[in-house]
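For reference, the structure is listed below as structure tokens.
Bear in mind these aren't lab numbers, they're just calculated from the coordinates by the rules spelled out. Keep in mind that what you see is a predicted model, and the values were worked out from it rather than measured. Counting neighbours? That spans all protein chains shown, and the Cβs are built from the backbone with ideal geometry, glycine included.
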């Protein structure tokens, strides 16, 4: 008796509609975590702080009063990145960095040339700072207008991957 031949099976993909997507997302969210009252929410991780702040904003908008304060996550809970900090505009002067919003409350003085373990949120914030470089653009109708071509970075941030 010969061996049965292997037959390839093909699955037909069901097109995802808006209704299917919403049902799948709701079931996934419901299965991940149950919704706790805002007073009982734990605040031990970055994700829990973000969930608390989202719920506080929702409830404050619902009640039309700032009943629940926004709590920034402590710096210790943020993921860190090791960098060497430098300044392009004033290479020898230290920089006082103060960033306070719903994500973080950070206050530190950075000296150029030194290595720091900074939260990735602050590294992204500093790397986006710069001076815009404007250029002229000629439109198809012959008129000219200005636009931002690129940004000249204000800080030199170099990531260190070695321990």
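With the highest mean first, a sort of the peptides 94-107, 149-162 on other beta-carbon atoms found within 10 angstrom per residue produces 94-107, 149-162. Report note on the peptides 40-53, 116-129, 58-71: ranked by the mean count of other C-beta atoms within 10 Å, highest first, their order is 116-129, 40-53, 58-71.
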